[in-house]
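Heads up: the structure comes next, in structure tokens.
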Amino acid sequence: MLDFIQRVELDAPTAICIAAGMKQMAASDNEVHQREVAFINEFIEEAAGSTTEVQASDVNLSLLHSSELKSIFLKSLAVVALADGKIRTEEKDLLNSYAKRLDYDGSADQILEDVARAFLGRFRSISIFRGAAEKIGRQLGLSEEAIKDVLDT
């Protein structure tokens, strides 16, 4: 699921904090999509070890005490923003807001691009379905140059 984001052991409160942020992201554009819900539920079950009910208000940024946890939080939100294939202003605004509050060195655009590149990197070195991989890159908001860079390295 989030295997392209650094793997780190999360305690239940931190996992709930991240899942709550993901729920906020899903709701930020006033259109919660089934893919977003499924992804969040899978994360909660995998990271928290149960199907704990998580509220969007459960975000507790003080639990994100390391740069690694801050990065995982922001990248997890970016995954949710990318899940429906459309990045809206509200989603970027929420991501920028959290990046600023966490004193994170990077903008929403950079975080989204990093996650999109990591995901597209799964298709690196394919040749038969190259066109399909390029289409996925475009749907993730990557430039033609970025797509070529990711798929050819």
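Each reported figure results from applying straightforward, stated rules to the coordinates on display, with no laboratory input. Everything numeric here is computed off the predicted structure, so don't read it as measured data. Cβ sites come from the backbone with ideal geometry, for glycine too, and all protein chains shown count toward neighbours.
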> So, in the chain, how many Lys pairs have Cα atoms under 17 Å apart, if the pair is 8 or more places apart or on different chains?
Replying inline: 12
> Just the C-alpha atoms of the chain: what Rg/Rh do they give, with Rh taken as the Kirkwood radius?
Replying inline: 0.97
>> Which of 40, 128, 87 ends up with the largest GNM mean-square fluctuation for the chain, with Cα atoms connected below 10 Å?
In response: 128
>> Could you tell me which residue out of 96, 123, 110 lies farthest along the dipole of region 86-135 toward its positive end? Charges go on the beta carbon: Lys and Arg +1, Asp and Glu -1, centred on the Cα centre.
In response: 123
> Can you give me the relative contact order of the chain as a percent, contacts being Cα pairs under 8 Å and 6 or more apart?
Replying inline: 23 percent
> Where does helix 108-120 land angle-wise versus the long Cα axis of the chain, in degrees 0 to 90, nearest 10?
Replying inline: 60 degrees
>> As I understand it, the value is the acute angle between the Cα axis of helix 34-48 and the longest principal axis of the Cα atoms of the chain; what does it come to in degrees, rounded to 10?
In response: 60 degrees
> With axes computed from alpha carbons, what is the tilt in degrees of helix 130-139 against the longest principal axis of the chain, rounded to the nearest 10 within 0 to 90?
Replying inline: 40 degrees
